[in-house]
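The block underneath contains the structure these notes are about, expressed in structure tokens.
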Amino acid sequence: MNYNDVLKSARENLNGSCRVCPVCDGKACRGEVPGMGGKGTGSSFMENITALASYKLNMKVISDVKEPDTRITMFGKEMDIPVFAAPVSGTTLNMGGKFTEQEYISWVINGCHKAGIYPMVGDTAIDSFLITNLEELKKSSKNGIAIIKPWDNLNVIEKIKLSEKAGAFAVGMDIDAAGLITLSLHGKGVSPKTAEQISELKKSTKLPFILKGIMTVEDAVLACQAGVDAIVVSNHGGRVLDETPGTADVLPEIAEKLKGKLTILADGGVRSGVDILKMIALGADAVLIGRPFVTASFGGGEEGVSLYVNKLKADLKSAMVLTGCKCINDIDEKVIY
Ligand SMILES: Cc1cc2nc3c(=O)[nH]c(=O)nc-3n(C[C@H](O)[C@H](O)[C@H](O)COP(=O)(O)O)c2cc1C
């Protein structure tokens, strides 16, 4: 199997919920939530792509960089590249329903582990999906991270405890899911949280606590004051609020304020090793990638997922050689043109 075979099968297996476009940019699927697209006009999803593409790289060819080291250690785990599979859930709601949540997520989890990175798993309108995700994490050799919806705090804390029991090595909350149509369609109560409520969640666990869905310096500072260990600069792949900026455009000012004070993750439109390099240069410590892991899993199962991660590895390595970066720590604003 090669990556083109994976894409071809994915196109068939996703039952029209995703067209598996040559560039996954949110145009063909605009407005498709539920589905794989962005909310409303689809502008926030498309803006993620446009923002990243607007940054160009400085080529540096006079250097001694031949075999760059792409590894990092995060949340106590060594990873081959600074990438997590983002939490993406809802095979029946969003992905055409050909495969079950259990099949899809087991392929993502095991494919990531085989290729030397870790998965995040999500939570949805259907309670059993988080349970399935946690069971699959527990069964796997190396586990991962659980990201829980912003239910009322008692419910979130209950789910944090379930994640701890399943062996997750970090937990978090996608606070931006307060804007998710799929939850309101199911009559599920989610809402924004105050800094005090976030602090209560952080204190409820010894695991690192990640707040996903931060798009302004102001919220990032509040999250830091609430004591979270990490933030994800994210607009949920454009699925929760129409007309936001691209994440690559807000990341630099957030990083300027908070770099070193907490872990900064970012997602939205990251597709290739070059995109990973750009996000790190703009201030992220690591990135999350969403939709391409659905394509890889639906198109090639565990092997498809590993193939995609290995492709990212090769691409990132090559981009580091040509920008003169020996290790991930070397990647900073100097690589941006
Ligand atoms: C179909 C779908 C389902 C998603 N489900 C979740 C989820 O359960 N929890 C969560 O935190 N984020 C969820 N996300 C958002 C992703 O974690 C991530 O932020 C986003 O997909 C990144 O953008 P990208 O797909 O362009 O890489 C979902 C995204 C999609 C497309």
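The values are calculated or read from the model by the stated rules, or taken from the named source; none is laboratory data. Keep in mind that this is a model prediction, so the values were computed, not measured. Heads up, the Cβs are rebuilt from the backbone with ideal geometry, glycines too, and the neighbour counts pull from every protein chain shown. With ligands, DNA and RNA removed, areas are computed over all heavy atoms of the protein, side chains included. Shrake-Rupley method; radii C 1.70, N 1.55, O 1.52, S 1.80 Å.
Structure above, values below:
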| quantity | calculated |
| --- | --- |
| Those strands (runs of 3 or more DSSP E) lying entirely in segment 1-107 with at least 2 residues under 22 Å from THR244 (Cα atoms) and touching a helix residue (DSSP H, G or I) at 6+ places or on another chain (Cβ under 9 Å) | none |
| Every residue from segment 209-218 that is crowded, with 20+ Cβ neighbours inside 10 Å and over 14 Å from GLY268 (Cβ atoms) | PHE209, ILE210, LEU211 |
| Residues (within 19 Å of ASN329 (Cβ to Cβ) and either in contact (Cβ under 8 Å) with a residue 24 or more places away in the chain or assigned to a helix (DSSP H, G or I) (or both)) located in segment 255-269 | ALA255, GLU256, LEU258, LYS259, LYS261, LEU262, THR263, ILE264, LEU265, ALA266 |
| Condition met for MET74 (of a type in the set (A, V, I, L, M, F, W, C), under 30 Å from ASP127 (Cα atoms), open to solvent by less than 50 Å² (accessible area, probe 1.4 Å) and away from the ligand (no atom under 14 Å from the Cβ)) | yes |
| Residue pairs meeting the criteria (Cβ under 7 Å; at least 6 apart or on separate chains; first under 12 Å from THR50 (Cα atoms) and in contact (Cβ under 8 Å) with a residue 60 or more places away in the chain, in segment 235-247; second assigned to a loop (DSSP other than H, G, I, E, B) and more than 12 Å from the ligand (Cβ to nearest atom)) | none |
| Residue selected from segment 14-42 under the condition more than 10 Å from the ligand (Cβ to nearest atom) and open to solvent by less than 20 Å² (accessible area, probe 1.4 Å), by the criterion nearest to GLY179 (Cα to Cα) | GLY42 |
| Residue selected from segment 220-240 under the condition more than 23 Å from ALA85 (Cβ to Cβ) and outside any helix (DSSP H, G or I), by the criterion least open to solvent (accessible area, probe 1.4 Å) | ALA226 |
| Selection within segment 120-179 - away from the ligand (no atom under 12 Å from the Cβ) and in a loop (DSSP other than H, G, I, E, B) | SER140, SER141, LYS142, ASN143, GLY144, TRP151, ASP152, ALA166, GLY167, ALA168, PHE169 |
